[in-house]
Amino acid sequence: MASMATGSGKAAEKQSMKASTKENITGFLFILPGFVGFVIFILIPVAMSLGLSFTEWNFLKGWGAIEFTGLENFIDLFSDDWFKASMINNLVFTAVTVPALLVLGLIMAEIINRHTYGGKGIRAMIFIPYIASIVAVCTVWQVLLQPSYGPINQFLMSLGIENPPRWLVDERWALAAVMIINIWTQVGYYVAVYMAGLKNVPLDLYEAAAIDGANARQQFLYITVPMVSPTTFFLGIMGIISSFKVFDLISVLTQGGPGNATSVMAYYIYRTAFQDFKMGYACALAWALFVVIFIVTMIQWKYQKNFTNE
Amino acid sequence: MGVILAAGMLAGCSSGGDSAETTAAAAADTTAAAASGDTEAAEEGSGEAITLRFVSWQSNHAEGDQRIVDAWEAEHPDIQVEIEYLGDMNSNDYLQKTDLMLMGGEEIDIMMSPSIQSMAVRAASGSYLPLDEYFEAEGVTPEDAYDIVVRNDEQVYSIFSDIRYNNVILINKDMLEAAGLSMPDQNWTWDDYREYAIAMTQGTGANTIYGSYIHSWGNQNLLGVYCAKPDNAFFNDDGSLTFGNPEFRNFLQYRYDLENVDKASTPLADVKALNMNYRDQFFSGKIAMLPMGTNLLSDVGNEIYAHDFVTAFAPCPLWNADDTRYNSVGGIYYHIAKTSAHPQEAFEFLRFWTTEGVPLKAMFTSNEKGVDKMESTKAIVAGFEDLVDLDSLEALMENPDGVETYDSFAPEYQSQIETVLNEETDKFLLGSQSLDDTINNLLTRGNEIIEENQ
């Protein structure tokens, strides 16, 4: 009896194992196309860039010119003025644009959502800069910010400011100018996402608060802001990551200049790799950028619960 | 299931494609053989015909380029040439694209480079084939075939052609006459240039017409050095950087004053803030004088820049009227890429391109030995002679006191030094760094690059 039971149990196990192996194989086959793509287009290049970051390589000379140099590239980072300037510019860029976008985006979304007629039209108008070609946007801003007779400086001069900043060609103001342009182009996206978030806030909360005597400011601070905090968290993370990767604006507007006043990591990596042909050092720079983004994102995840009330 | 299905479909597709191709190829073969009847001719026609791949960035020259290719193909029906334009007229974009193509092993036969420094770094890293053996096989020495031959490490990696005179001053003659000025002498100085620039500046605000315009390239700050020494303006004979030379320092201060004190030259801030195009500025009459190359001659007749004033030419100003006059010559470097499948045919075509081809294209001056430079230059302006003051050009090119010079060398790292030059001079000219600091930084950073590469 007992032996029979074990026997049949084994057979069943064997059969189920077979079935589960089969299932596994089918499963693997299903993910195979995506997995092969992932390996070829993401995993291998990432591993290669890590490997290359320990070498010196002018890619014009072909594969044979790769020379292993150990940690030299990473040691060089600490004495590289451009790296330091680019990193600081990146941190300033992120610290200013992301909070500004979050605050502006939420306030504008709230105003459009609750306090205006024709909100859809206004929303579309605010969204246009986000979908417009960045090169076209930059050209328009270059004309607006023209230092001696551009409309913005003409206006400042008519207000009595004698030496208005020269914006994009002024070492002290170039980064500010780039940040203003970035905020202007991105805010439409933040408004659109916030408006979707605001739709999920139940109206009865506002009614209850109004009955209790809360004014518009209190309603905004104690109902709207907490209720959209998951949206804020999402926009915050995405904003930080994308602001660390900002490249197109810099490339079109200033090419990192004047001097290194607007150089950011992505632009410096590009320059090192494709203009100075130092592929190894460029990979080391890219990994340094990765470490920074990784740390920032980990901190955000850790405090996610505090942010989102969930 | 899905995977199997997809795999099946893929297999189906690929096998279908294969068989279709094979049939097409077979059909082509049969028709070729049938059409000629003669087997030998068929072999020559379909078997040996090759196509050279020529990659350029000068899409504005497509018409002239095609004239050369047509003439060549008429003589050599078995060697077709296909010109591909990359980089949308921007030689930097072009170089980046071709670098990546070469790295990927893509087959290219003929390539170009715009400057000695961009060519030096690529010749040193083996992007181009050395041409010496091809010249030898043809039985000519490069120096007998061309006036200017550039060698890197004793080897010829390029055929230098399509030449221009660098750093000449283009003058809007109508503005010159309106200001009551006469054409400058052949030995005019930077002081004269300043007087001319001030005299021709007029208007205010957005409508200012500036007497002078110096473009935003970093190497424009070497103008004072170019006119004072032969060969590469970045380096002295002993290999030291020219940033410590008095001419360099004086020119930087001179340019700053001309733009910010005399307000007679378009300020660099405006040039950079609006990404100005110097051709637009000159041909639309917003500036009176422009230091640039004679390669702008062909643009005088270009309808994109339609205008009705006469363009005159003056040489690059000197520091003192009795200094030696150096006429710096630039041009395009043509190369055979390391991935070329038909280097011999590519070489033959390049020889044709840089000799018989130059007058067919008629956009640049010839570098061929024995060809009259002035005649070759006159061919460029055929059809719009009335818009160019040819006498002034002739006076400049045939000046008996002029010493012709060109960049005969450039170290691999020169483009890195040029980047530093750009950054530091920008800081000075835009007013955020003193002249002393600028020169010091240039020398320190430049010498660091040199040391790194020793």
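Here are a few things to note about the model shown:
- For segment A:154-174, a residue qualifies if it is at the interface with chain B (Cβ under 10 Å from one of its Cβ atoms), more than 18 Å from B:Asn275 (Cα to Cα) and either of a type in the set (D, E, K, R) or open to solvent by less than 10 Å² (accessible area, probe 1.4 Å) (or both), and exactly one does: A:Arg172.
- Hits in segment B:259-296 - residues which are under 23 Å from B:His61 (Cα atoms), hydroxyl-bearing (Ser, Thr, Tyr) and part of a loop (DSSP other than H, G, I, E, B): B:Ser284
- Residues located in segment B:179-210, provided they are within 14 Å of another protein chain (Cβ to nearest Cβ) and at positive phi: B:Gly203, B:Gly205
- Within segment A:133-149, being facing chain B (nearest Cβ under 8 Å) and either open to solvent by less than 40 Å² (accessible area, probe 1.4 Å) or on the phi > 0 side of the Ramachandran plot (or both) holds for A:Gln142, A:Leu145, A:Gln146, A:Pro147.
- Selection status of B:Glu75, open to solvent by 70 Å² or more (accessible area, probe 1.4 Å) and modelled with pLDDT of 90 or more: yes
- Number of the condition not met by B:Asp386 [criteria: (1) farther than 30 Å from B:Leu52 by Cα; (2) touching a residue at least 24 places away in the same chain (Cβ under 8 Å); (3) within 14 Å of chain A (Cβ to nearest Cβ); (4) not β-branched (Val, Ile, Thr)]: (3)
- Scanning segment B:128-135 turns up no residue that is over 21 Å from the mean Cα position of the chain (by Cα), open to solvent by less than 20 Å² (accessible area, probe 1.4 Å), not assigned by TED's automatic domain parsing to the domain that holds B:Ser115 and not polar (S, T, N, Q).
- Answer from A:Pro226, A:Pro258, A:Pro202, A:Pro230 - the residue that is farther than 26 Å from A:Val103 by Cβ, assigned by TED's automatic domain parsing to the domain that holds A:Arg172 and at pLDDT below 90: A:Pro258
- The residues of segment B:356-375 that are open to solvent by 20 Å² or more (accessible area, probe 1.4 Å) and within 19 Å of B:Val329 (Cα to Cα), listed by number, are B:Pro359, B:Ala362, B:Met363, B:Glu368, B:Lys369, B:Gly370, B:Val371, B:Asp372, B:Lys373, B:Glu375.
- Within segment B:257-279, tally of residues that are away from chain A (no Cβ under 14 Å) and out of contact with any His (no Cβ under 9 Å at 6 or more places or on another chain): 6
- Residue check: A:Phe93 meets all listed conditions (1) closer than 30 Å to B:Glu423 by Cβ; (2) modelled with pLDDT under 90; (3) away from chain B (no Cβ under 13 Å) but one, namely (2).
- Residue match in segment B:303-317 (condition: at pLDDT 90 or above, out of contact with any Ser or Thr (no Cβ under 8 Å at 6 or more places or on another chain) and either part of a helix (DSSP H, G or I) or at positive phi (or both)): no
- Checked across segment B:290-299, the condition of being within 14 Å of chain A (Cβ to nearest Cβ) and either surrounded by 19 or more Cβ atoms within 10 Å (Cβ to Cβ) or closer than 15 Å to B:Thr201 by Cα (or both) holds for no residue.
- Residues of segment B:404-431 that are open to solvent by 30 Å² or more (accessible area, probe 1.4 Å), more than 9 Å from chain A (Cβ to nearest Cβ) and small (Gly, Ala, Ser): B:Ser408 alone.
- Residue that is nearest to A:Lys245 (Cα to Cα), among those in segment A:78-90 that are open to solvent by less than 70 Å² (accessible area, probe 1.4 Å) and at pLDDT 90 or above: A:Asn90
- One residue alone among B:Ser434, B:Ser392 is at pLDDT 90 or above and open to solvent by 50 Å² or more (accessible area, probe 1.4 Å), and that residue is B:Ser434.
- Filter pass, A:Arg123 being at pLDDT below 90 and closer than 30 Å to A:Tyr206 by Cα: yes
- B:Leu442 vs. criteria more than 10 Å from chain A (Cβ to nearest Cβ), in a helix (DSSP H, G or I) and at pLDDT 90 or above: yes
- Filter result (over 20 Å from A:Phe277 (Cβ atoms) and surrounded by 13 or more Cβ atoms within 10 Å (Cβ to Cβ)) within segment A:36-77: A:Val46
- Scanning segment A:181-240 for residues that are more than 30 Å from A:Gln142 (Cα to Cα), part of a helix (DSSP H, G or I), β-branched (Val, Ile, Thr) and open to solvent by less than 60 Å² (accessible area, probe 1.4 Å) yields a count of 5.
- Scanning segment A:264-289 for residues that are out of contact with any Lys or Arg (no Cβ under 8 Å at 6 or more places or on another chain), more than 9 Å from chain B (Cβ to nearest Cβ) and not hydrophobic (A, V, I, L, M, F, W, C) turns up A:Tyr267, A:Tyr268, A:Tyr270, A:Lys278, A:Gly280, A:Tyr281.
- Lone unmet requirement of (1) closer than 21 Å to B:Pro230 by Cα; (2) touching a helix residue (DSSP H, G or I) at 6+ places or on another chain (Cβ under 6 Å); (3) not aliphatic (A, V, I, L, M) for B:Asp401: (2)
- Tally of residues being under 24 Å from the mean Cα position of the chain (by Cα), surrounded by 15 or more Cβ atoms within 10 Å (Cβ to Cβ) and either within 14 Å of another protein chain (Cβ to nearest Cβ) or over 22 Å from A:Ala177 (Cα atoms) (or both) across segment A:96-132: 4
- Test: residue in segment B:180-202 that is within 21 Å of the chain's Cα centre (by Cα), part of a loop (DSSP other than H, G, I, E, B) and among the β-branched types (Val, Ile, Thr): no
- Selection of segment A:274-302 for residues being without any contact (Cβ under 8 Å) to a residue 40 or more places away in the chain and either aromatic (Phe, Trp, Tyr) or open to solvent by less than 20 Å² (accessible area, probe 1.4 Å) (or both) yields A:Phe274, A:Ala282, A:Phe290, A:Phe294, A:Trp301.
- Among the candidates B:Val156, B:Val150, residue that is closer than 26 Å to B:Thr51 by Cβ and either crowded, with 19+ Cβ neighbours inside 10 Å or more than 14 Å from every other protein chain (Cβ to nearest Cβ) (or both): B:Val156
- The set of residues in segment B:197-247 being open to solvent by less than 30 Å² (accessible area, probe 1.4 Å), aromatic (Phe, Trp, Tyr) and under 30 Å from B:Ala179 (Cβ atoms) consists of B:Tyr213 alone.
- Out of B:Met89, B:Met101, sole residue that is in the same structural domain as B:Ala341 (by TED's automatic domain parsing), open to solvent by 10 Å² or more (accessible area, probe 1.4 Å), in a helix (DSSP H, G or I) and within 30 Å of A:Ala273 (Cβ to Cβ): B:Met101
The values are calculated or read from the model by the stated rules, or taken from the named source; none is laboratory data. Bear in mind the structure is a predicted one, so any value in this text is a computation, not a measurement. Glycine gets a Cβ as well: all are built from the backbone with ideal geometry, and neighbour counts include every protein chain shown. Heads up: the accessible areas ignore ligands, DNA and RNA and are worked out on the full protein's heavy atoms, side chains in. Shrake-Rupley method; radii C 1.70, N 1.55, O 1.52, S 1.80 Å.
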